[in-house]
Amino acid sequence: MTRPGLREMKREATAQALAEAAFDLAKAHGLDGFVIDDVTERAGYSRRTFANHYSCKEAAVAAVAYSGIDAAVSALEDVSGDVPLLDAIHGVLRLQLTTETLSRMREVIRLSREFPSLEPYVHHVQHRMRLEAEQRLRSVAADRYPPTYVSLLFGALYGMVSAALEGLVDVRLPGDTSSSPGSMEFDQFLDVAFKHLRTGF
């Protein structure tokens, strides 16, 4: 896959800075407790620059959550083709889905439940990232695996991570005091999930 040029990297960095500023404000004040001018002041950009990247503050808040998934898929492209695809994905997820990334993803989901105006933007970002991630995974898999296998594998992986982030599975992140005593650490959850993928049960 062609790496982004300097201009595109700067554009992505600007979008990320605006998203992080909006996310920090939403955590601190709630979605109703700030306006776009607060975001641009915090990030150090103009309102016009914000408009070049996002239609509203909800779109910016939603965008911050899924950069970790994008980073994980990008890292997968650098894995040797000799490594089985399932092993490569397991290793990349353990390295790329850090505590900070997972905590931010979970926090955006929590905010979307508290502020319904955010929910459609979260769904939009989830859908866009799912399509892009699956397309890039197909590129990594190339001709080594049937397309059906890649689609089913990706669906299983996406569902697995979503279940943990949305609280459907009791997974505890480091520093998380809200989970029950019997909950699994995320790394342990990954190991169990990939064991099921490998053995079929």
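Odds and ends about this structure:
- T49 - accessible surface, heavy atoms, 1.4 Å probe, Å² rounded to 10: 40
- Choice from L131, L118, L165 with maximal GNM fluctuation in the chain (Cα, 10 Å cutoff): L131
- You can think of it this way: the chain between R198 and Y145 has 17.6 nm of extra reach, that is 0.36 nm per residue less the Cα-Cα gap.
- In the chain, inverting the average of 1/r over every pair of distinct C-alpha atoms gives 18.1 Å as the Kirkwood radius.
- Set of aspartates and glutamates near K57 by C-alpha distance (under 12 Å), chain-local residues within fewer than 8 positions excluded: E20, D24, D32, D37, D38
- Rolling a 1.4 angstrom probe over the protein heavy atoms with all chains in place gives the chain an accessible area of 55 Å² per residue.
- If R0 equals 22 Å, the separation of the Cβ atoms of D191 and A75 corresponds to a calculated FRET efficiency of about 0.70.
- For the pair S180 and A13, label points projected 7 Å from Cα toward Cβ lie 4.6 nm apart.
- Rolling a 1.4 angstrom probe over the chain with all protein chains present gives an accessible area of which 54% lies on carbon and sulfur atoms.
- Selected from L93, V140, H196, residue furthest toward positive end of dipole (the chain; charges at beta carbon): V140
- Axial C-alpha extent at least 15 Å, average Kyte-Doolittle at least -0.5 - helices from the chain (DSSP): 6-29, 85-96, 147-165, 186-199
- Among V108, V83, V61, the largest mean-square fluctuation in a Gaussian network model of the chain (Cα springs under 10 Å) belongs to V83.
- Here the dipole of the chain is about 380 debye; that uses its Cα centre as origin and unit charges on the Cβ of Lys and Arg (positive) and Asp and Glu (negative).
The values are calculated or read from the model by the stated rules, or taken from the named source; none is laboratory data. As the structure is a computational prediction, the values presented were derived from the model and not from experiment. Glycine gets a Cβ as well: all are built from the backbone with ideal geometry, and neighbour counts include every protein chain shown. Please note that ligands, DNA and RNA were not included when accessible areas were found on the heavy atoms of the full protein model with its side chains. Shrake-Rupley method; radii C 1.70, N 1.55, O 1.52, S 1.80 Å.
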